[in-house]
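S.K.: Have a look at this one before I ask anything.
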Amino acid sequence: MKFINFFWGLAALSACASPSYAQNGSSDINIVLSSAVDVVEPCHMNSTGYIGQVLKTNVVETLTRLDPQSSQIKPNLATGWKQIDPLTWQIKLRQGVKFQDGTEFNADAVIAALNRQFSPELQCRDTIRLFGKTTIQAKAIDNDTVEIKTSAPMPLMPTTLSQIGMTALSTSTKEATKAPIGTGPYVFTSWDPASKLVLTRFDGYWGAKPQVHQATYMWREEPALRASMVKVGEADIGLQIAPQDVDPQMDIGYLNADTSRIRIFMDQPPLNDVRVRKALNMAFDRSAFLGTIMSSQALPASQYMLPTVNGYDDSIKPWAYDPEKAKALVDEARAAGVPVDKPIDLFGSQFMQANLDEMLQTLVQSWQEIGLNVQIRMVDKIQHSAMRRKPYPTDRGPTMVHELHDNIAGDAVFTMMVYYTSAGALSNVSDPKLDAVLNEASVSSGDKRRSLFQQANRTIQQEIVPDVMLFHMVSYMRLSPRISFKPDFTTGGQLELAAITFK
């Protein structure tokens with residue numbers, strides 16, 4: 001592959017400015033994101049990272065929480081739980097907790113928040129990912145105890161509850177909220193979708209008082225600008241710093257929960273031919289991206305989840321770089337009458353990751369060299385979401401979409417059901433045999449659960465080939481010298497203000 005060198009250098013931004021770090025001497029901070037916060041609906045916060053980074057653990061809390069150090073489920077707004085039978089769980093709630101509007105956190109509020117996830121008007125993005133086709137019935141045993149009955153066994157109910165935000169009873173079930181009310185340590189104070197969002201410390205919080213008083217979120221698309229804003233003191237935290245902008249003195253690199261892939265829509269030629277899909281995977285050298293377009297710490301991926309996720313199969317390796325075999329497969333498909341010269345649209349959105357343009361251009365060059373006609377279509381977030389989610393646009397031709405997915409809950413069910421079953425909201429796979437394996441896995445436990453998910457992963461990646469798996473992503477965060485914060489694999493979907501301290 002002829003690798004393109006895109007980094008001819010960036011103009012220095014504010015190079016001569018002397019740092020006057022943001023809000024120096026105060027307990028207020030500024031955070032600059034890569035994407036505008038144009039939605040603040042809590043029932044989208046686990047499937048849309050930039051929403052979760054603002055709301056989750058800050059404004060809206062969950063019943064349980066995932067410990068990023070041990071990957072164990074810990075108490076949070078729930079103090080305990082037990083399984084009564086395969087379809088029934090009882091959840092014990094923390095007493096003395098108030099929502100930010102002064103109302104009581106109790107069983108009625110939990111039931112309303114759980115039912116809200118299934119509101120047809122809200123079309124909550126998290127619901128299919130968390131529950132699939134399973135429905136629930138929740139009722140109060142007493143003021144501090146909730147019983148949840150499910151239509152199918154959910155052995156990972158405590159894990160699922162770590163992904164559902166508890167919102168006040170006053171929260172609408174008919175339309176997305178524009179001012180979420182939760183039990184968290186920060187109040188949703190103001191929001192201008194064009195420029196910034198502000199959270200302020202909630203003095204009535206049930207837990208420990210955090211050091212940060214107020215957080216102002218801003219957004220800038222250019223990674224170099226985000227880096228510069230922290231360097232010159234206009235911001236305290238800058239997210240998604242590009243590898244070429246990294247300053248070892250200010251930036252922290254960490255393997256986040258995101259996996260990057262190209263999803264292949266398999267309904268039209270030439271992408272409905274598995275030879276073409278395999279050729280797409282073999283045509284480029286994943287290692288050539290490392291240390292250039294991608295961080296040198298990124299890991300080539302073979303599955304749409306991290307190796308730490310239950311159900312990951314170590315026997316599946318990333319596709320080997322073999323351009324000659326890739327070209328031979330395309331030629332074989334052409335000889336069989338497959339229209340391999342037909343234009344294929346590859347959709348991407350800049351907010352997804354740093355250097356995305358460069359990565360997609362390199363992929364396209366590799367695919368052109370094996371005889372495929374792929375063209376890049378960069379779109380905004382709204383268009384990108386429309387391309388990814390059912391019902392898919394009916395006026396499209398052969399299509400591929402770049403996307404990221406995180407699985408911070410640690411089990412394959414939170415990936416496989418939504419992305420690879422026939423009913424999955426983000427799936428273009430329709431295979432009854434695969435559905436049967438995944439449905440059985442989702443209600444199993446222990447070694448059987450792990451084995452079935454691994455079987456499904458082998459079928460997906462070696463036989464169906466519905467995607468071009470790329471990398472387990474590394475993110476860089478820039479911190480001002482006045483604060484301390486240690487990111488982990490959950491940071492891509494939540495940025496806990498209470499974990500930020502001042503030096």
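S.K.: What is the extension gain from K448 to V274, computed as 0.36 nm multiplied by their sequence separation minus the C-alpha to C-alpha distance, in nm to one decimal?
M.R.: 59.7 nm
S.K.: Still on this model: Could you tell me how far the Cα centroid of region 407-439 sits from the Cα centroid of region 138-197, in Å?
M.R.: The two parts, judged by their Cα centres, are 24 Å apart.
S.K.: Just to check I understand the Karplus step: with θ = phi - 60° and J = 6.51 cos²θ - 1.76 cosθ + 1.60, what whole-Hz values come out for region 481-486, glycine and proline as x?
M.R.: So the J values, rounded to whole Hz, are x, 8, 10, 10, 6, 10.
S.K.: Here's a follow-up. Give me, ordered by chain and number, the residues 5 or more places off V187 or on other chains with an amide H under 5 Å from its own placed amide H.
M.R.: For V187, whose amide H was placed from the backbone, the distant partners under 5 Å are T200, R201, F202.
S.K.: Let me ask another. By what distance, in whole Å, do the Cα atoms of the chain stretch along each of the three principal axes, largest value first?
M.R.: 71, 64, 39
S.K.: Stretched out fully, how many nm does the piece from K174 to Q361 gain, at 0.36 nm a residue minus the Cα gap? Could you put the intermediate results ahead of the total?
M.R.: Working: separation 187, 0.36 × 187 = 67.32 nm, distance 4.20 nm.
Once the chain is fully extended between K174 and Q361, it gains 63.1 nm.
S.K.: Size of region 341-457 along its principal axes in angstrom, Cα-based, largest extent first?
M.R.: 44, 29, 29
S.K.: Dividing the convex hull volume of the alpha carbon atoms of region 255-474 by its residue count, what do you get in Å³ per residue?
M.R.: Here the figure is 115 Å³ per residue.
S.K.: Just for the chain, what percent of DSSP beta bridges are antiparallel, to the closest 5?
M.R.: Of those bridges, close to 75 percent are antiparallel.
S.K.: For D341 and S70, FRET efficiency with R0 = 41 Å and r from the beta-carbon atoms, rounded to 0.05?
M.R.: On the way: r = 53 Å, r/R0 = 1.28.
E between S70 and D341, to the nearest 0.05, is 0.20.
S.K.: Say R0 is 30 Å: what FRET efficiency, to the nearest 0.05, do E121 and V198 get from their beta-carbon distance? Walk me through the numbers before you get to the answer.
M.R.: Details: r = 28 Å, r/R0 = 0.93.
Computed FRET efficiency for E121 and V198 comes out at 0.60.
S.K.: Hey, could you grab the Kirkwood Rh for region 200-283? Inverse mean 1/r over distinct alpha carbon pairs, Å, one decimal.
M.R.: 17.5 Å
S.K.: Another question, then. In square nanometres, what is one fourth of the surface area of the convex hull spanned by the alpha carbons of region 60-176?
M.R.: Mean projected area of the Cα convex hull: 7.2 nm².
S.K.: Now a separate question. Please list, in order along region 497-503, the HN-Hα scalar couplings obtained from phi with the Karplus expression 6.51 cos²θ - 1.76 cosθ + 1.60 (θ = phi - 60°), rounded to whole Hz, x for Gly and Pro.
M.R.: 5, 5, 8, 8, 10, 9, 7
S.K.: Also, quick follow-up: Give the long-range amide H neighbours of L33: residues separated by 5 or more places, or on another chain, with amide H under 5 Å away, using H modelled in the peptide plane at 1.01 Å from N.
M.R.: Those qualifying (amide H under 5 Å, at least 5 residues apart or on another chain) are M218, W219, R220.
S.K.: Hey, with R₀ at 22 Å, roughly what FRET efficiency would E369 and I252 work out to, going by the Cβ-Cβ distance, to 0.05?
M.R.: Values: r = 37 Å, r/R0 = 1.68.
Given R0 = 22 Å and the Cβ-Cβ separation, E is 0.05.
S.K.: Could you work out the helix-only [θ] at 222 nm for the chain, with each DSSP H run of four or more residues adding -39,500 (n - 2.57) and the total divided by the number of residues, to the nearest 500 deg cm²/dmol?
M.R.: Helix contribution divided over all residues of the chain: -6500 deg cm²/dmol.
S.K.: Per 0.36 nm of contour for each residue apart, how much would the distance between I382 and E222 grow if the chain were fully extended, relative to their Cα-Cα spacing? Mind dumping the intermediate values first?
M.R.: Values: separation 160, 0.36 × 160 = 57.60 nm, distance 1.88 nm.
Net length gain for the segment: 55.7 nm.
S.K.: Of all the C-alpha pairs in region 154-230, what % are more than 19 Å from each other?
M.R.: 57 percent
S.K.: Here's another thing I want to ask about it. Determine, for H213, H44, the number of other Cβ atoms within 10 Å of each Cβ, and report the residues in order from fewest to most.
M.R.: Numbers: H213 16, H44 20.
Ascending Cβ contact count within 10 Å gives the list H213, H44.
S.K.: Using only Cα atoms, locate the centre of region 54-113 and the centre of region 262-317, then give the distance between them in Å, rounded to an integer.
M.R.: 36 Å
S.K.: Ok, one more. Once amide H atoms are placed 1.01 Å from N in the peptide plane, what residues at a sequence separation of 5 or more from A78, or on another chain, have their amide H within under 5 Å of its amide H?
M.R.: Amide H neighbours of A78: T64, R94.
S.K.: Per residue, how big is the convex hull of region 361-418 when only Cα atoms are used? Give it in Å³.
M.R.: About 138 Å³ per residue, rounded to a whole number.
Every number here is computed from the coordinates shown, using simple stated rules; none is lab data. Keep in mind the model is a prediction, meaning the values are calculated, not measured. For neighbour counting, all protein chains shown are included, and Cβ atoms are generated from backbone atoms with ideal geometry for every residue, glycine included.
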